[in-house]
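Novice: Attaching a single structure in structure tokens format; questions to follow.
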Amino acid sequence: MSYQIAIDGPAGAGKSTIAKKVAKEKGFIYVDTGAMYRAMAFYLLSEGVDPQDAEMIAEKCVGADITIRYEDGEQVVLLNGKNVNGVIRTEEVGKMASVTSKNPKVRERLTALQKELANTSDVVMDGRDIGTCVLPGADVKVYLTASAAVRAKRRYDELTAKGEICDIQKIEEDIIARDEQDMNRPIAPLRQAEDAILVDSSDMTIDEVADKIMSLCK
Ligand code: DC
């Protein structure tokens with residue numbers, strides 16, 4: 001049986017930074033499920049699909065073959081065989097992913113791949129529905145959150161470090177809208193699993209959060 005650590009939480013809570021660190025310390029693979037939803041959204045955007053057209057999304061999503069591989073320990077997402085890591089981290093793709101991830105057909109395809117990965121390797125997997133739907137039997141479940149203001153500041157710092165010009169107020173509004181959307185969709189909404197440990201990282205350092213998760217594994 002593989003060992004499974006599930007980390008869920010809203011946008012910008014620091015899931016990927018923490019998950020990567022814990023995966024490295026444990027020698028597990030890190031599976032970033034948001035990147036898979038982003039790759040799907042990127043594909044649908046490039047196909048010109050209207051985000052509100054659920055039928056078209058269901059029809060078109062079967063044309064996206066999404067797989068992952070690891071290069072120097074980093075997850076690389078392949079969309080129809082091409083590395084899309086460099087193009088999926090934009091706000092446009094993130095917003096599209098939040099909308100298109102509501103589609104049952106999209107979730108069915110990506111959830112199957114996530115389950116398969118977790119069955120074959122020890123994993124730290126992060127997302128929105130890992131503890132509730134993808135890996136309900138995970139050994140450790142964490143719901144990682146932080147205030148919207150702290151999350152907006154982190155995203156702002158990340159984007160400005162990449163040279164992007166952005167407005168922190170607008171980022172916070174977008175984060176709140178994304179939370180609303182991810183928490184209130186009918187299928188696999190973002191919520192804390194009953195047996196997940198709540199960690200609020202607003203006033204914690206990366207190391208403190210990672211240590212907390214490591215201690216939960218003991
Ligand atoms: O974590 P992220 O910002 O890369 O995720 C982008 C979107 O993908 C997020 O707003 C909702 C969706 N998502 C999801 O529905 N389920 C997951 N397990 C991961 C992400």
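Novice: In what order do ILE7, ILE213 fall by count of nearby beta-carbon atoms within 10 Å, going from fewest to most? Intermediate values should be presented prior to the final figure.
Specialist: Numbers: ILE7 28, ILE213 22.
Lowest count first: ILE213, ILE7.
Novice: Over all Cα pairs of the stretch 15-82, how is the pair count split among 5 Å bins, expressed in % and running from 0 up to the last occupied bin?
Specialist: P(r) over the stretch 15-82, rounded to whole percents: 3, 16, 23, 19, 13, 12, 8, 5, 1.
Novice: Something else now. So which GluC sites (Glu not before Pro) in the stretch 150-188 are both in a DSSP loop and have at most 13 other Cβ atoms within 10 Å of their Cβ?
Specialist: Numbers: sites: GLU158, GLU164, GLU172, GLU173, GLU180; in loops: GLU164.
Answer in residue order: GLU164.
Novice: Could you compute how fast the chain diffuses translationally, taking Rh as the Kirkwood radius over C-alpha pairs and applying Stokes-Einstein at 4 °C with viscosity 1.567 mPa s? Give it in µm² per second.
Specialist: Values: Rh = 17.5 Å.
Value of D from the Cα-based Kirkwood radius: 74 µm²/s.
Novice: On to the next question. Can you give me the Rg/Rh ratio for the stretch 1-128, using Cα atoms for both radii and the Kirkwood formula for Rh? Please report the intermediate quantities before stating the final value.
Specialist: Working: Rg = 14.2 Å, Rh = 14.9 Å.
Using Cα coordinates only, the ratio equals 0.96.
Novice: Relative to 2.2 N^0.38 Å, what does the C-alpha radius of gyration of the stretch 71-158 come to as a ratio? Two decimals please.
Specialist: 1.23
Novice: Along the Cα-to-C-beta direction of ASN80, a point sits 7 Å from the Cα; which residues of the stretch 28-52 have their amide N less than 12 Å from that point?
Specialist: The answer is 43-48.
Novice: Another question, then. Take ILE168, project a point 7 Å from its Cα along the Cβ direction, then tell me which residues of the stretch 5-43 have their backbone nitrogen under 17 Å from it.
Specialist: 12-13
Novice: Test of understanding: express the Cα radius of gyration of the stretch 99-199 as a ratio to 2.2 N^0.38 Å, with N the residue count.
Specialist: Numbers: Rg = 15.5 Å, N = 101, 2.2 N^0.38 = 12.7 Å.
Ratio of Cα Rg to 2.2 N^0.38 Å: 1.22.
Novice: Here is a further query. Tell me the net charge near VAL209. Cut-off is 11 Å between Cβ atoms, VAL209 excluded, with +1 for each Lys or Arg and -1 for each Asp or Glu.
Specialist: Numbers: positive: LYS15, LYS21, LYS212; negative: ASP200, ASP203, ASP207, GLU208, ASP211.
Overall, the nearby charge balance is -2.
Novice: Here is a follow-up. At 0.36 nm per residue, minus the direct Cα-Cα distance, what do LYS218 and TYR3 gain on full extension? Give it in nm, one decimal, please.
Specialist: So the extension gain works out to 76.2 nm.
Novice: What would the Debye formula give as log10 I(q)/I(0) at q = 0.15, 0.18, 0.20 Å⁻¹ for the alpha-carbon point model of the stretch 61-100, no solvent?
Specialist: Computed log10 I(q)/I(0) values: -0.40, -0.57, -0.69.
Novice: If one computes the Cα centroid of the stretch 53-71 and of the stretch 166-218, what distance in Å separates the two points?
Specialist: The distance from the Cα centre of the stretch 53-71 to that of the stretch 166-218 comes to 25 Å.
Novice: Tell me, what HN-Hα J-couplings in whole Hz come from the Karplus equation 6.51 cos²θ - 1.76 cosθ + 1.60 at θ = phi - 60° for each residue of the stretch 170-184, using x for Gly and Pro?
Specialist: 5, 4, 5, 4, 5, 5, 5, 5, 5, 4, 3, 5, 6, 8, 10
Novice: Nearest 5 is fine: what % of DSSP beta bridges in the chain come out antiparallel, could you say? Write down the numbers at each step before the final one.
Specialist: On the way: 8 of 25 bridges.
Taking every DSSP beta bridge within the chain, about 30 percent pair in antiparallel fashion.
Novice: I would also like to ask the following. If you bin every alpha carbon distance in the stretch 144-218 into 10 Å steps from zero, what whole percent lands in each bin?
Specialist: Whole-percent P(r) values from 0 Å outward: 17, 37, 35, 11, 0.
Any read-out appearing in this document is the output of simple, stated calculations on the displayed coordinates, not a laboratory observation. Since we're looking at a predicted model, the values are computed, not measured. Glycine gets a Cβ as well: all are built from the backbone with ideal geometry, and neighbour counts include every protein chain shown.
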